[in-house]
Amino acid sequence: MLDEIRDKIEGEIVRLTEELNVELPQRIKTAMEHGDLRENAEFKAAKERQAFVEARLNHLTSRMTELSKIDVTQMPYDKVGFGSRVTIKDHDSGDDFTFTITAGDFIDLDAGQVSLASPIGRGLLGAVEGEDVVVALPRGERRYKVLSLLTLPQQLEGKSD
């Protein structure tokens, strides 16, 4: 999972660096050739995009630094945390949900990913298999039972359920 996240971040860094160093300077140069910059929407849009790309690159660089500090050997072996694959049962609806707890930038519900920073991610953090948890969601509290748990350390050693 860590390698997958690193690859996604590195891919985005490469794309944004290309945009920042090649595409945006060309767009800015073309916009400047149109004359008066005070009322030049193309110039303004390109400069705003440039500021966004720079901020995003700074954020992604920070995320790479954070990822490099993750020590899987220090992660709990039996508690929900980053990288855990969790199956829960909603006590109210009776539905089961299976997902992987991911870093905040990588949320893909269709792919079964839930952010550690999301309400459900925070609510399940530290839970163990068989535990009932109450999660504060925007629409009110929900009660879940952790049916199964496969932590990142378990996944890396090849354990599967």
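When shorter helices are ignored and each DSSP H run of at least 4 residues is given -39500 (n - 2.57), the per-residue value for the chain at 222 nm works out to -13000 deg cm²/dmol. Calculate the dipole size of segment 1-83 relative to its Cα centre from +1 charges on Lys and Arg beta carbons and -1 charges on Asp and Glu beta carbons; express the result in debye to the nearest 20. So the magnitude is around 200 debye. Here the residues ILE70, ILE88, ranked from fewest to most Cβ neighbours within 10 Å of their Cβ, fall in the order ILE70, ILE88.
Assuming R0 = 22 Å, what is the FRET efficiency of LEU156 and THR65, from their Cβ-Cβ distance, to the nearest 0.05? Between LEU156 and THR65 the formula returns 0.55.
Here's the picture: charge each Lys and Arg Cβ at +1 and each Asp and Glu Cβ at -1 in the chain, and of GLY130, THR151, PRO25 the one pushed furthest to the positive end of that dipole is PRO25. Gyration tensor over the Cα atoms of segment 2-70: the corresponding equivalent ellipsoid has semi-axes (square roots of 5 times the eigenvalues, largest first) of 32, 11, 6 Å.
Each Cα pair under 8 Å and six or more residues apart adds its separation to the average, and for segment 42-161 the resulting relative contact order is 26 percent. Exposure proxy for ARG63, ARG6: other Cβ atoms within 10 Å of each Cβ, ordered fewest to most, give ARG6, ARG63. For segment 75-157, the alpha carbon convex hull comes to 88 Å³ per residue, rounded to a whole number. The count of lysine pairs in segment 2-70 whose Cα atoms are under 29 Å apart, excluding pairs fewer than 8 places apart on the same chain, comes to 4.
Suppose every K and R has +1 on its Cβ and every D and E has -1 on its Cβ; what is the size of the dipole of the chain about the Cα centre, in Debye to the nearest 20?
Computed charge dipole of the chain: roughly 360 debye.
Once the C-beta distance of SER93 and ALA45 is scaled by a Förster radius of 41 Å, the resulting FRET efficiency is 0.35 to the nearest 0.05. Once both labels are positioned 7 Å from their Cα atoms along Cα-to-Cβ, the gap between VAL14 and THR73 label points is 3.1 nm. Here the contact order of segment 2-70, divided by its residue count and restricted to Cα pairs under 8 Å and six or more residues apart, works out to 41 percent. Stretched out straight at 0.36 nm per residue, the stretch from MET32 to ASP110 would grow longer than its current Cα-Cα span by 23.8 nm.
Here, each number is a calculation from the coordinates, and none is a lab measurement. This one's a predicted model, so the numbers in the text were calculated from it and none came from an experiment. Here the Cβ is made from the backbone with ideal geometry for all residues, glycine too, and neighbour counts use every protein chain on show.
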